[in-house]
Amino acid sequence: MNIVVILPTYNERENIVQLLDQLEALKPAIKKHTLSFLVADDTSPDGTKDAVKEYQKTHKDVFCISGKREGLGKALLRGMTYAINVLDADLIVQMDADLSHDSKKLPEFIRAIDNGANFAVGSRYIKGGSIPENWGLHRKIFSIVGNAIVRFGLGYPSVHDWTGGYRAFKKHFFIQAQDEMKEYSGYVFQIAFLHKAVKQRAKIVEIPFHFTDRLYGRSKIAPFEYIKNVLEYVIRARITDILEGHFGKFAVVGTIGFLINTVILVGLKMIGIHPAVGSAIGAECAIISNFILNNAWTFRERKIKGKRTILKFVQFNITSLGALVIQSGTVYVGTLLFGIPAYFYAYILGVGLGLIWNFTMYSKVIWKKS
Ligand code: GDD
Ligand code: MN
């Protein structure tokens, strides 16, 4: 494999040469593969680029690109694009350039890939990993809580470190994600990128490592902006998941059904048909619409076809009847307990229970996973 290690730098003059030396020293341990290094600098005012240029004179496997400062995410994006398009990378490694990421761990990342994983994630929050002991309580809490919000907020608890930047992954993850990644110019890039990979069912292996506090220079993270971006990312992702998931589509289909039901009831009433009849016809039309749309859209990956359709449609009607019974039953019990004036609350509760019933029956019985 052609491996390119991307090192984003902004004012890392004191760190970068030492890191490159450490990385060069690893080469004998990674003989099977070709290893090169790409510094993605943002024209650091401390002259990081000059130090790298000097280093390049004696090391042909070190590359350097520079651009204007647009944030860590943009630098990584630029680096990854260059690594694949120009340096022909198969595997991309990214790590911080301030010596916080233990370079001695790198062979473990590559071994994980050799053994069948396609995405190795450096983890501070699993056994064998840690955050610096000398960090103040604030910073520790910030790191742990922030990460937990992402981990549980996105709903993938099996990956423990979402915010870090020590990783190795096959190039296709970047090729598929690159257009969307342009949005994430800051540190939130790390989260968004891993999230895309997880959604593509990456074979992830976590590599524990001890994060060491930097000795030289300063962190460039802007805590408040970062927190804002992280929360915004998690909330947006959750909303998208709901809209794109079964429940969101189920709700859209149900709303369409409700509109059909209402229009037919009112329409038939206008031409003199009794509302009880109109309501029944409307309800059945809504049921047909719900069945067709849920089959074609909500549960399209479990689509019912052929002769089974009739049987399933009968089941669907019985389920809808069940929802009606639940709804009316709730109104009945509600008014019995709290009197007629409470009918509307009971009705809303009944509709809610009916929806839960319907959704459960649809996803677990009618369109159950085969
Ligand atoms: N080119 C470029 N442009 N590099 C940048 C920029 C930028 O705008 N901002 C930061 N970097 C580089 C730094 O020079 C360093 O090599 C690396 O990115 C990490 O930046 P730090 O400023 O040292 O970040 P940190 O240590 O506070 O943040 C750590 O935790 C974050 C959240 O968990 C790092 O591990 C991050 O990667 C991680 O996302
Ligand atoms: Mn750092």
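Some observations on this one:
- Subset of segment 51-93 [closer than 24 Å to GLN18 by Cα and polar (S, T, N, Q)]: GLN56, THR58, SER66
- Residue under evaluation LEU259, criteria (1) in the same structural domain as THR319 (by TED's automatic domain parsing); (2) over 30 Å from ARG302 (Cα atoms), criterion not met: (2)
Per-residue answers, yes or no, for (1) within 24 Å of GLY217 (Cβ to Cβ); (2) open to solvent by 10 Å² or more (accessible area, probe 1.4 Å); (3) modelled with pLDDT of 95 or more:
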residue	(1), (2), (3)
LEU19	yes, no, yes
GLU24	yes, yes, yes
HIS33	no, yes, yes
ALA40	yes, no, yes
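- Segment 171-187: number of residues that are within 16 Å of ligand 2 (Cβ to nearest atom) and open to solvent by less than 50 Å² (accessible area, probe 1.4 Å): 1
- Segment 140-154 residues that are closer than 14 Å to ARG124 by Cα, paired with ones that are open to solvent by less than 20 Å² (accessible area, probe 1.4 Å) (beta carbon under 7 Å, 6 or more apart): GLY146/VAL230; ASN147/ASP161; ASN147/TRP162; ARG151/VAL159; ARG151/TRP162
- Answer residue from segment 224-243, given it is within 19 Å of VAL145 (Cα to Cα) and open to solvent by less than 60 Å² (accessible area, probe 1.4 Å) and is farthest from ligand 1 (Cβ to nearest atom) among those: ALA237
- Criterion applied to ALA286, ALA280, ALA222 was being outside the structural domain of LYS170 (by TED's automatic domain parsing) and out of contact with any helix residue (DSSP H, G or I) (no Cβ under 8 Å at 6 or more places or on another chain), and the one residue passing it is ALA280.
- Hey, VAL39 within 16 Å of ligand 2 (Cβ to nearest atom), over 22 Å from THR163 (Cβ atoms) and of a type in the set (A, V, I, L, M, F, W, C) or not: yes
- Looking across segment 193-214 at every residue that is within 14 Å of ligand 2 (Cβ to nearest atom) and open to solvent by 50 Å² or more (accessible area, probe 1.4 Å), the one that is farthest from ASP241 (Cα to Cα) is identified as THR212.
- Of all the numbered requirements in (1) surrounded by 14 or more Cβ atoms within 10 Å (Cβ to Cβ); (2) free of Cβ contacts under 8 Å to residues at least 24 places away in the same chain, PRO341 misses one, and that requirement is (1).
Yes or no, residue by residue, for (1) modelled with pLDDT of 95 or more; (2) aromatic (Phe, Trp, Tyr); (3) surrounded by 13 or more Cβ atoms within 10 Å (Cβ to Cβ):
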residue	(1), (2), (3)
ALA89	yes, no, yes
PHE109	yes, yes, yes
GLY129	yes, no, yes
LEU137	no, no, no
GLY146	no, no, yes
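- Test set (1) under 30 Å from ILE242 (Cα atoms); (2) among the basic types (Lys, Arg); (3) within 16 Å of ligand 2 (Cβ to nearest atom) - ARG139 fails condition number: (1)
- Qualifying positions in segment 1-36 - in contact with a Phe, Trp or Tyr (Cβ under 6 Å, 6 or more places away or on another chain) and within 16 Å of ligand 2 (Cβ to nearest atom): GLU14, ASN15
- Being of a type outside the set (Lys, Arg), at positive phi and in contact (Cβ under 8 Å) with a residue 24 or more places away in the chain is a property that GLY186 lacks.
- Filtered residues of segment 56-107 (kept if over 22 Å from ILE191 (Cβ atoms), outside any loop (DSSP other than H, G, I, E, B) and of a type in the set (Val, Ile, Thr)): VAL62, ILE65
The values are calculated or read from the model by the stated rules, or taken from the named source; none is laboratory data. The structure presented is a predicted model; accordingly, all values stated were derived computationally and were not measured. Virtual Cβ from ideal backbone geometry, glycine too; neighbours counted across all protein chains shown. Areas reflect the complete protein model, heavy atoms only, side chains present, ligands, DNA and RNA absent. Shrake-Rupley method; radii C 1.70, N 1.55, O 1.52, S 1.80 Å.
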